[in-house]
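Peer 1: Dropping a structure here in structure tokens format, bear with me for questions.
Laboratory data are not the source of any read-out in this text; all were calculated from the coordinates shown. All of these numbers come straight from a predicted model, not from anything done at the bench. Note: ideal-geometry Cβ built from the backbone for every residue, glycine included; neighbour counts use all protein chains shown.
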Amino acid sequence: MEGRFYRKKAGGTPITRRLNRKRFILVGLVGIPALLYLVFGSHGILQRIELQGRISELEHKIETVKTDNRRLSAEAKALESDPKMIEKVAREKYGMAREGETVYRIRKPEEQSGR
């Protein structure tokens, strides 16, 4: 009965130790490059984080452009039908005035030095 329960030597036989060392080296040779590829590769974690940031940036730009489009569409619609808006643009952009009015233009300092 005493022979049934024994403790193995720490480290096992020389053949087992050699096989364990080869497995460890093999795992290192295969595992380390695989891990590096998963983190730093073209489809790796770092690339994904960078792309997620770019996606959120582009989504923000899209929302900004949509807001501008809505504003410009409303302005275009007003220019087609609203007489007050048409008059405002004619006065501000083209310097037009009603009969009997005098238009005064104030030049900015950079405009004065250029002439």
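Peer 1: Tell me the mean residue ellipticity at 222 nm calculated for the chain from its helices only (DSSP H runs of n ≥ 4, each -39500 (n - 2.57), averaged over every residue, nearest 500).
Peer 2: Values: 4 runs with 81 residues, N = 115.
About -24500 deg cm²/dmol.
Peer 1: Calculate the translational D of the chain in whole µm² s⁻¹ from Stokes-Einstein, where the hydrodynamic radius comes from the Kirkwood formula applied to all Cα pairs, the temperature is 37 °C and the viscosity 0.692 mPa s.
Peer 2: Working: Rh = 23.5 Å.
Translational diffusion coefficient: 140 µm²/s.
Peer 1: Kindly express, to the nearest 10 degrees and within the range 0 to 90, the angle between helix 14-40's C-alpha long axis and the longest C-alpha principal axis of the chain.
Peer 2: Helix 14-40 sits at roughly 0 degrees to that axis.
Peer 1: Let me ask something else about it. Give the peptides 103-109, 78-84 in descending order of average Cβ contacts within 10 Å, highest first. Could the numbers behind the result be given before it?
Peer 2: Numbers: 103-109: 6.9, 78-84: 10.3.
Output ranking for 103-109, 78-84: 78-84, 103-109.
Peer 1: Pull out the extension gain between Tyr37 and Ala78, defined as 0.36 nm times the separation in residues minus the alpha carbon to alpha carbon distance; nm, one decimal.
Peer 2: On the way: separation 41, 0.36 × 41 = 14.76 nm, distance 5.69 nm.
Difference between extended and current length: 9.1 nm.
Peer 1: Among the listed pairs Lys66/Lys93; Lys66/Lys88; Lys84/Lys108; Lys61/Lys84, which are separated by more than 30 Å between their Cα atoms?
Peer 2: Lys61/Lys84
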